[in-house]
Amino acid sequence: MANYTKRVKYKKHKRHINVGARPGSIIIPDDALPPQITIFSFNQDDLQTSKGKDMKTITQQIAKCTDHTHWIKINGLGDAQLIEDIGIFLGINQLVLEDVVNTHQRPKFDEYDGYVFGTSRIIYFNSENELVNCQFSGIVKDNIIISFEESHRDYFDVVTTRLKAGKGTIRTGGPGYIFYALTDTILDNYFVLLSQLGDMIDQTEDKLYQSPDKTIMFDAQQLKRTLITIRRACWPERDKINDMIRSESPEITKDIKLFLRDAYDHCIQAMDMVESYKEVTSSIIDLYLSMVSNRMNEIMKVLTIISVIFIPLTFIAGIYGMNFSRQDDHGHVIRDNMPELYVQHGYVYALIGMFLIGLFQLFIFWKKGWFNKL
């Protein structure tokens, strides 16, 4: 039977450690992508969109749309000067900018004077079946939200579609609501990923019952590793959302906190699913090892039965294979020197005796029910 579960590869994500660097240093990784800037300026009645690659695109759009809320969406962190210019333009602390480009942050929510900052982990399977774990960062200040993503992938296309449709609270909730919507989208995609993993676990479990082989243990282990990655994102995400609910910042209004409570429930549900799937994968590994152990016991039992049957036969053959002489050199008969070696048809009698002993042993094993348990 074909192997159901695809191999999950983990996209390499080098961690750049700059020992002794000044706090607040903006050090761009070598593999960082060039930034692509998309700006959505919107109010209840209007939506203006522009794209670019430098700070001029941002300043012109904000100057043109003075009575709008602005979502500055940046995909790619390969321009240190752009990050520094954004920090100067909005008055963002250098330590926050360092956390933006240092893409190994755990999910968190920090409040500063006049703005808030939060990070999350974006986890998904790409087209090559690689598990990608990258960082999302967001800064909310006044009527502006800036989101930073490592890749050029349009991960929040659902939010942009809602924004273009202009229905519901998406255009009137302010930048804090956009930040909530992005966080909720990340959580919803966790459920999509967990659904895929659930199907893989079911396929691995079916294979365990139908045609078990050693690949089952490897598949279950890689699924467990993927679940651990999601767990490391979900647990701090819960704390982050809880901090947002308890926040006194004016950027996180009372209406937004109502939606955040729903997101908090989703996060708890995702954590429960992760723990359940982890238990199932551990059970699959334990069951497979038990099946291997039982199979080995059955093999050893068969070999033991065969050995027990041949032990007395080998003993008899060994005794009568010593070839003692019946007479000495002077023709005298030597006493107690196995005279049955010279009995007529002794070879046939010995074979018949050994055959009967074997049959008797097989009968005893059959009466004990050993053959029924093989």
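The values are calculated or read from the model by the stated rules, or taken from the named source; none is laboratory data. Everything quoted here is computed from the prediction, not taken from an experiment. Cβ: placed from backbone, ideal geometry, glycine included. Neighbour counts: every protein chain shown. Please note that ligands, DNA and RNA were not included when accessible areas were found on the heavy atoms of the full protein model with its side chains. Shrake-Rupley method; radii C 1.70, N 1.55, O 1.52, S 1.80 Å.
Quick look at the values:
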| read-out | value |
| --- | --- |
| Heavy-atom accessible area order for MET271, MET322, largest first, 1.4 Å probe | MET322, MET271 |
| Positive dipole terminus of the chain, leading residue within ILE139, TYR347, ILE256 (C-beta point charges) | TYR347 |
| Packing-based order for 144-152, 211-219, using average beta carbon neighbours within 10 Å, highest first | 144-152, 211-219 |
| Candidate residues VAL96, VAL158, VAL302: accessible-area rank, largest first, probe 1.4 Å | VAL158, VAL302, VAL96 |
| Accessible surface ranking that places the most exposed of TRP71, TRP235 first, with a 1.4 angstrom probe | TRP235, TRP71 |
| Matching label, volume of the Cα convex hull per residue in Å³ computed from the structure shown, candidates (1) 240; (2) 137; (3) 189 | (1) |
| Segment 234-374: relative contact order in percent, alpha carbon pairs under 8 Å with at least 6 residues between | 18 |
| Of the DSSP H helices in the chain, those whose Cα atoms cover at least 24 Å axially and whose Kyte score averages -0.5 or more | 175-210, 215-245, 254-319, 346-367 |
| Pairs from LYS73/LYS254; LYS73/LYS257; LYS167/LYS278; LYS51/LYS224; LYS164/LYS254; LYS73/LYS240 whose Cα-Cα separation, in the structure shown, is over 31 Å | LYS167/LYS278; LYS51/LYS224 |
| Given charges at Cβ of Lys, Arg, Asp, Glu: the chain dipole, positive-most of ILE319, ILE201, VAL158 | ILE319 |
| TYR320 - accessible surface, heavy atoms, 1.4 Å probe, Å² rounded to 10 | 100 |
| Estimated distance in nm for a label pair at SER249 and HIS330, the labels positioned 7 Å out from Cα along Cα-to-Cβ | 11.7 |
| Label-point gap, in nm, between TRP366 and VAL292 - each point 7 angstrom along Cα→Cβ | 3.6 |
| Accessible-area composition of the chain, carbon plus sulfur, in percent [1.4 Å probe] | 54 |
| Rounded to the nearest 20 debye, dipole of segment 229-324 from Cβ charges on Lys, Arg, Asp, Glu | 380 |
| Accessible area of the chain divided out per residue, in Å², using a probe of 1.4 angstrom | 56 |
